[in-house]
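**Student:** Quick one: the structure is below, questions incoming.
The values are calculated or read from the model by the stated rules, or taken from the named source; none is laboratory data. Bear in mind the structure is a predicted one, so any value in this text is a computation, not a measurement. Note that each Cβ is placed from the backbone with ideal geometry, even for glycine, and that neighbours are counted across all protein chains shown. Note: accessible area is taken over every heavy atom of the protein model, side chains too, but ligands, DNA and RNA are not part of it. Shrake-Rupley method; radii C 1.70, N 1.55, O 1.52, S 1.80 Å.
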Amino acid sequence: MKRIAVLGSTGSVGTQTLDVIAHHPDRFRLEAIAAGKNVELILEQIKRFQPKLVSMADRDSAERVKLQAGPDVRVVYGEEGLIEAAASTEAELVVTAMVGSQGLGPTMAAIEAGKHIGLANKETLVSAGHLVTAEARRRQVSLLPVDSEHSAIFQCMHREAADEIEKIVLTASGGSFRDKTREELIGVTVQQALAHPNWSMGAKITIDSATMVNKGLEVIEAHWLFNIDYDQIEVIIHPESIVHSFVEFKDRSIIAQLGMPDMRIPIQYALSYPNRLPSPSRSLDLTEISRLNFRKMDYERFPCLSLAFACGRLGGSAPTVYNAANEIAVSRFLQGEITFLGIEELIERVVEKHTHVNNPALQEIAELDQWARETAAKLKV
């Protein structure tokens with residue numbers, strides 16, 4: 001019985017993680033969950049899974065949960081509660097399904113406590129990849145990717161020597177506007193941007209998919225997860241989202257991972273690794289799909305992806321600032337403050353304004369993250 005903690009249990013990845021756990025009650029036990037302020041959903045999760053510890057975003061939400069959770073459930077809140085959910089229970093694996101850079105602190109706490117990580121929070125490695133991977137090596141902790149693309153690469157690279165790899169190829173759906181020109185993006189609405197053709201995801205990651213920031217974050221994450229140079233990472237458009245990514249080896253053999261666009265597949269592999277279990281997902285029928293399409297990435301059409309590669313190669317503080325600026329830019333777009341194209345302009349301007357730090361410590365990362373957010377919130381685009 002593997003004991004699991006889920007940070008971000010009420011979000012898209014979090015709820016699907018609990019669905020996987022529910023399908024295998026003899027294999028997984030939910031020890032702790034952490035969420036924001038969705039009291040009603042948390043109470044449902046408590047009733048169904050009986051975790052020992054629950055962390056909420058604030059005192060008010062925690063008090064409301066505590067009134068109905070029962071005496072066997074410990075309810076905490078805030079940053080301290082989140083750290084407790086990540087590090088202080090008997091969980092062996094912590095799934096970091098929180099959105100944004102808020103996942104860095106609890107992920108580091110879980111690693112320091114010797115917990116293996118089911119990594120769904122890519123911003124953790126984007127902001128502090130050099131620190132997170134070093135600490136994971138020191139503690140002999142596994143970083144198991146939950147993102148479909150990184151799970152695919154992880155599966156394709158399994159047992160292969162790093163020096164045998166020619167390159168990894170991350171596939172991108174292209175998002176809501178993959179077939180629109182830049183001119184056609186002028187004046188697009190929030191509702192249009194949120195209409196992803198393949199995946200059911202949260203608002204922030206859906207917008208990131210449309211701008212291709214999500215793929216940029218995945219490029220940086222892949223660099224740290226697989227210890228691979230940026231020149232060995234390629235991105236292509238694959239509209240069907242069936243080939244989740246692939247690896248080309250030195251002998252020109254290519255191994256790809258295919259499956260339905262269902263996040264429960266990579267989530268379950270992270271939970272069950274190194275074993276495979278029956279999945280609640282629908283089986284892939286290639287005869288039904290009939291054909292798969294691929295096309296080269298247009299970096300002029302998607303400048304946010306080009307900027308991500310540049311920030312990744314520069315390293316240091318650049319990815320932290322890129323990520324933080326994007327989080328504010330997406331928030332401002334969702335609130336109607338800036339246009340869709342204003343997202344990329346805002347990110348670029350914040351990155352250009354920042355003073356680069358080569359090897360930032362954790363406190364410096366926090367300060368740079370805060371500076372980028374404040375700057376992005378003030379800039380007019």
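**Student:** How do the pairs read when you match residues in segment 211-222 that are in contact (Cβ under 8 Å) with a residue 60 or more places away in the chain with residues anywhere that are of a type in the set (S, T, N, Q) and open to solvent by 10 Å² or more (accessible area, probe 1.4 Å), using Cβ under 8 Å and keeping only pairs 6 or more apart or on different chains?
**Tutor:** Final answer for the pair search is LYS215/SER209.
**Student:** Would you please list the contacts, defined by Cβ atoms under 7 Å and residues six or more apart or on different chains, that run from a residue in segment 369-380 that is free of Cβ contacts under 8 Å to residues at least 60 places away in the same chain to a residue that is surrounded by fewer than 18 Cβ atoms within 10 Å (Cβ to Cβ)?
**Tutor:** From segment 369-380, the pairs are THR375/LYS353; LEU379/ARG349.
**Student:** Which residues, taken from segment 19-44, are open to solvent by less than 10 Å² (accessible area, probe 1.4 Å) and not hydrophobic (A, V, I, L, M, F, W, C)?
**Tutor:** GLU31
**Student:** Within segment 156-182, can you find the residues that are out of contact with any Ser or Thr (no Cβ under 9 Å at 6 or more places or on another chain) and farther than 19 Å from ARG295 by Cβ?
**Tutor:** MET157, HIS158, ARG159, GLU160, ALA161, ALA162, ASP163, GLU164, ILE165, GLU166
**Student:** Answer yes or no as to whether ASP208 is of a type in the set (Asp, Glu), under 24 Å from ALA310 (Cβ atoms) and surrounded by fewer than 24 Cβ atoms within 10 Å (Cβ to Cβ).
**Tutor:** no
**Student:** Sort out which residues of segment 117-145 are at pLDDT below 95, open to solvent by less than 10 Å² (accessible area, probe 1.4 Å) and not in a helix (DSSP H, G or I), and write them in order of number.
**Tutor:** ASN121
**Student:** Give the residues of segment 239-283 that are out of contact with any His (no Cβ under 7 Å at 6 or more places or on another chain) and of a type in the set (Gly, Ala, Ser), sorted by residue number.
**Tutor:** Within segment 239-283, SER241, SER245, SER253, ALA256, ALA270, SER272, SER279, SER281, SER283 meet the criteria.
**Student:** Restricting to segment 369-380, name every residue that is more than 15 Å from GLY100 (Cβ to Cβ) and at pLDDT 95 or above.
**Tutor:** TRP371, GLU374, THR375, LYS378, LEU379
**Student:** Additional query: Scan segment 196-216 and give yes if some residue there is in a loop (DSSP other than H, G, I, E, B), farther than 25 Å from GLY316 by Cα and over 18 Å from the mean Cα position of the chain (by Cα), otherwise no.
**Tutor:** So far as segment 196-216 goes, yes, one or more of its residues are in a loop (DSSP other than H, G, I, E, B), farther than 25 Å from GLY316 by Cα and over 18 Å from the mean Cα position of the chain (by Cα).
**Student:** For segment 85-106, how many residues meet the condition of being open to solvent by 50 Å² or more (accessible area, probe 1.4 Å), over 23 Å from ALA203 (Cα atoms) and not small (Gly, Ala, Ser)?
**Tutor:** Adding up the residues that qualify gives 2.
**Student:** From the set of residues in segment 357-380 that are open to solvent by 70 Å² or more (accessible area, probe 1.4 Å) and outside any helix (DSSP H, G or I), which is farthest from GLY312 (Cα to Cα)?
**Tutor:** LYS380
**Student:** Continuing with this model, one more query. Go through the residues of segment 229-237 one by one and say whether even a single one is at pLDDT 95 or above, open to solvent by less than 10 Å² (accessible area, probe 1.4 Å) and part of a helix (DSSP H, G or I).
**Tutor:** The answer is no; no qualifying residue exists.
**Student:** Okay, next question. Say whether the condition of being over 30 Å from GLU364 (Cα atoms), modelled with pLDDT of 95 or more and among the hydrophobic types (A, V, I, L, M, F, W, C) is met by at least one residue in segment 69-90.
**Tutor:** Yes, segment 69-90 contains at least one residue that is over 30 Å from GLU364 (Cα atoms), modelled with pLDDT of 95 or more and among the hydrophobic types (A, V, I, L, M, F, W, C).
**Student:** Of all residues being of a type in the set (A, V, I, L, M) and outside any helix (DSSP H, G or I) in segment 149-166, which is modelled with the highest pLDDT? Just the residue, please.
**Tutor:** That would be ILE165.
**Student:** Okay, moving on. Tell me the residue from ILE42, ILE4 that is of a type outside the set (Phe, Trp, Tyr) and either in contact with a Phe, Trp or Tyr (Cβ under 9 Å, 6 or more places away or on another chain) or closer than 15 Å to LYS115 by Cα (or both), please.
**Tutor:** ILE4
**Student:** Now, a different point. Test ALA172 against the stated conditions and say whether it is of a type outside the set (D, E, K, R), within 17 Å of PRO266 (Cβ to Cβ) and either buried (at least 23 other Cβ atoms within 10 Å of the Cβ) or in contact with a Phe, Trp or Tyr (Cβ under 9 Å, 6 or more places away or on another chain) (or both).
**Tutor:** yes
**Student:** Next up: Check segment 212-227 and report whether any residue there is open to solvent by 10 Å² or more (accessible area, probe 1.4 Å), among the polar types (S, T, N, Q) and under 14 Å from GLU149 (Cβ atoms).
**Tutor:** yes
**Student:** Here is a further query. Within the set of pairs 6 or more residues apart or between chains, which connect a residue that is basic (Lys, Arg) inside segment 48-69 to a residue that is open to solvent by less than 90 Å² (accessible area, probe 1.4 Å) and assigned to a helix (DSSP H, G or I) with Cβ atoms less than 9 Å apart?
**Tutor:** Note: pairs meeting the criteria are ARG48/LEU18; ARG48/ALA22; ARG59/GLY78; ARG64/VAL39; ARG64/LEU43.
**Student:** Just wondering, is there one or more residues in segment 240-260 that are touching an Asp or Glu at 6+ places or on another chain (Cβ under 8 Å), open to solvent by less than 50 Å² (accessible area, probe 1.4 Å) and in a helix (DSSP H, G or I)?
**Tutor:** The answer is no, given that none of the residues of segment 240-260 is touching an Asp or Glu at 6+ places or on another chain (Cβ under 8 Å), open to solvent by less than 50 Å² (accessible area, probe 1.4 Å) and in a helix (DSSP H, G or I).
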